[in-house]
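The values are calculated or read from the model by the stated rules, or taken from the named source; none is laboratory data. All of these numbers come straight from a predicted model, not from anything done at the bench. All Cβ positions, even for glycine, are placed from backbone atoms using ideal geometry, and neighbour counts span all protein chains on display.
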Amino acid sequence: MRTLEHFPNLVTMFFTRAASEGGKPFLWHKAGGNWVSLSWADAATQVASLAAGLRAIGLERGDRVMLVSENRPEWCISDLAIMAAGCVTVPTYVTNTERDHAHIIENSGARAIIVSNSKLAKTLLPAAIRSSAAKIVIGIDEIRPTQGLECHVWARLIEQHPATAADAAAQADFKREDLACIIYTSGTGGAPRGVMQHHGAILHNVKGCAAVISEDFGWDDEVFLSFLPLSHAYEHTGGQHFPIGLGGQIYYAESLDKLAANIEEVRPTIMFVVPRLFEVLRTRISKAIEKQGGMASYLLDKALEIGAKESEGRVGLMDRPAQLMVRTLFKPKIAKKFGGRMKAMVSGGAPLTPEVGLFFQSLGVTFLQGYGQTEAAPVISCNRPKAGIRMDSVGPVLVDTEVRIAEDGEILVRGELVMHGYWRNEAETARVLKDGWLHTGDIGLIDENGRIKITDRKKDIIVNDKGDNVAPQKVEGMLTLQNEIVQAMIYGDRKPYMVAVLVPDPDWTQEWCAREGATCNFSRLAENPEYRAALTAAVERVNKDLSVIERVRRFILADEGFTIENEQLTPSLKIRRHVLREVYATRLDALYKG
């Protein structure tokens, strides 16, 4: 069993791995239809040279450098070079508006910005020009010089300031408690806050995750496929620094649309995903198998039946033939779709509906639900096979992590993984950090086997007019498991019962229109009694499994899907309740008057 060494900082961890891996492939991207790799040694030289270039243009220790780019090898090299130069990375979402960029630039006091291309620069540069500090812009791809800004070309900085990995490694005297990055939470409500993550916090996460792989699966030549935004703490730690710690390879997915094809090509061993992706994949897989019909549908049904029994430990002798059939005829085909060597798919970033997890577990995909938040670097716990995977839990805590449950049910966390606070926000820091404990805002419990179970988000709990508490994420998760519904938000704070905003599934809608001979004009469909009756039937199926206070009595249909672009989803695909309430509150309130 391998264990991770104790590193003083993230930069030293990278250069140590680069020295041992040398010419082996490290970072992969698609170019001209082919996967192209950059070796560890070459990446280390680029990191060292870019760090020298950043210092040469005037950046000093402690300066903040904003990084705005899609996932690509240059993202990783830039992040490591910023830290190697003694600066602090400020990762930023590519979906941010000009206003978002302006807030983060001004709040962080970033002196420089690395941006990947001209398209992203369009919303970024106007904010930079108006800022009080950010006067240096570095384009990964060449961008047009802008008056009022000192513009540099990323590759030219590397070429003009050659440095060796050994020299850069020798200069990396940073301590674990030193600030590594400021990650702005995308926020389901209010303006983003800058979470101060120190080197030790991320290294703590890397060590904890490495223990899970080493002890439960065996630590070999790991291959990661990165597609979640690297500006999100989950991918930043899990999809970048964790692979570096393991000496693994990182492939950057082309796009979400090409993700399934990329998985088959790359054949990853570990992937970090969000629940929304699993919900989409579950729907696609189910529909594809249903269309095949015959033996394929029969095997899927059997796999789900046996999977449910296995999860409850009640597989009997009579189930053995079906279990063998599923194991030999069905699961290998599914495994091939996931590349054939997947050790585990780790879900985090938002709560997962247990039925979705059980679906993939039944198909033979090892599925680990984790839990965390940006303020904890971000992983706090993760399901592990050796502890017994339970789909209604998020597993035991990582090594060297303390968790306790407060009197009101809130989950409290203590350890090196906990942030040092919010950047330039003492009031919020004091609210969530008390006596060394991080107050997560999540409600949960710890079972007899030490696994955490999340029941809801403290601030999201709906309290009806009788004082009863309703956990919205549970109800919303059950609604979106219905074929007819792709997204949902329930509403009912200080109200007599629950109502909802629903986004009908577009594929189901097309099929319904074809079957009923109706025109698929959504504005007309929203008033179509037969269409609404079909959606009502879906809601009623869910209501049968809910308590009286949780049941959805009425609903409205959303004007459009919840997306990142309309600011109704965060970049990690969680719904922004405050935005949806602003858009739909009047119509939702009207449901109580009829």
- Message: Could you tell me how many of the residues in the range 385-410 are of a type in the set (Lys, Arg) and either farther than 18 Å from GLN373 by Cβ or under 22 Å from the mean Cα position of the chain (by Cα) (or both)?
- Response: 2
- Message: Out of everything in the range 457-513 that is closer than 20 Å to TYR531 by Cα and among the small types (Gly, Ala, Ser), what residue ends up being surrounded by the fewest Cβ atoms within 10 Å (Cβ to Cβ)?
- Response: ALA488
- Query: Residue check: is ALA350 surrounded by fewer than 22 Cβ atoms within 10 Å (Cβ to Cβ) and either under 19 Å from the mean Cα position of the chain (by Cα) or of a type in the set (Asp, Glu) (or both)?
  - Reply: yes
- Task: Within the range 260-270, track down each residue that is aliphatic (A, V, I, L, M) and closer than 25 Å to ALA210 by Cβ.
- Result: ILE263, VAL266, ILE270
- Among what's in the range 495-531 and is charged (D, E, K, R) and free of Cβ contacts under 8 Å to residues at least 24 places away in the same chain, pick the residue that is nearest to ILE461 (Cα to Cα). GLU527
- Selection within the range 246-281 - more than 27 Å from VAL115 (Cβ to Cβ), touching an Asp or Glu at 6+ places or on another chain (Cβ under 9 Å) and in contact (Cβ under 8 Å) with a residue 24 or more places away in the chain: LEU246, GLY247, GLY248, PRO268, THR269, ILE270
- Query: Going through the range 107-158 one residue at a time, which ones are of a type in the set (Val, Ile, Thr), in a strand (DSSP E or B) and surrounded by fewer than 20 Cβ atoms within 10 Å (Cβ to Cβ)?
  - Reply: VAL153
- Message: So, PHE330, is that one in a helix (DSSP H, G or I) and within 24 Å of GLY395 (Cβ to Cβ) or not?
- Response: no
- Having 1 or more residues that are among the acidic types (Asp, Glu) and either in contact with a helix residue (DSSP H, G or I) (Cβ under 7 Å, 6 or more places away or on another chain) or at positive phi (or both) is the bar; report the strands (runs of 3 or more DSSP E) wholly within the range 362-458 that clear it. 410-414, 437-446, 452-457
- Selection from the range 422-431 of residues that are surrounded by fewer than 18 Cβ atoms within 10 Å (Cβ to Cβ) and either touching a Pro at 6+ places or on another chain (Cβ under 9 Å) or in contact (Cβ under 8 Å) with a residue 24 or more places away in the chain (or both): ARG424, ASN425, GLU428
- Quick one: count up the residues across the range 214-241 that are more than 18 Å from the chain's Cα centre (by Cα) and of a type in the set (S, T, N, Q). 1
- Query: Of all residues in the range 89-106 being surrounded by fewer than 22 Cβ atoms within 10 Å (Cβ to Cβ) and closer than 22 Å to ILE77 by Cα, which is modelled with the lowest pLDDT?
  - Reply: THR95
- Task: Considering (1) in a helix (DSSP H, G or I); (2) at pLDDT 90 or above, say which one MET342 fails and leave the rest.
- Result: (1)
- Task: Would you be able to tell me the number of residues in the range 514-537 that are over 18 Å from TYR491 (Cα atoms) and assigned to a helix (DSSP H, G or I)?
- Result: 14
- Could you tell me which residue of the range 54-68 is nearest to ALA180 (Cα to Cα), considering only residues that are touching a Leu at 6+ places or on another chain (Cβ under 8 Å) and crowded, with 24+ Cβ neighbours inside 10 Å? VAL65
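This table checks each residue for (1) assigned by TED's automatic domain parsing to the domain that holds ARG276; (2) at pLDDT 95 or above; (3) surrounded by fewer than 18 Cβ atoms within 10 Å (Cβ to Cβ); (4) touching a Leu at 6+ places or on another chain (Cβ under 9 Å).
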site	(1), (2), (3), (4)
THR536	no, yes, yes, no
VAL539	no, yes, no, yes
SER547	no, no, yes, no
ASP559	no, no, yes, no
GLU565	no, no, yes, no
SER572	no, no, no, yes
ILE575	no, no, no, yes
GLU582	no, no, yes, no
- Looking at GLU375, GLU416, GLU402, which is the one that is under 30 Å from SER231 (Cα atoms), acidic (Asp, Glu) and surrounded by 22 or more Cβ atoms within 10 Å (Cβ to Cβ)? GLU375
- Criterion violated by THR480 - all others in (1) over 22 Å from the mean Cα position of the chain (by Cα); (2) at pLDDT 90 or above satisfied: (1)
- Message: Checking the conditions here, which among LEU179, LEU124 is closer than 22 Å to THR95 by Cα, assigned by TED's automatic domain parsing to the domain that holds ALA18 and within 26 Å of the chain's Cα centre (by Cα)?
- Response: LEU124
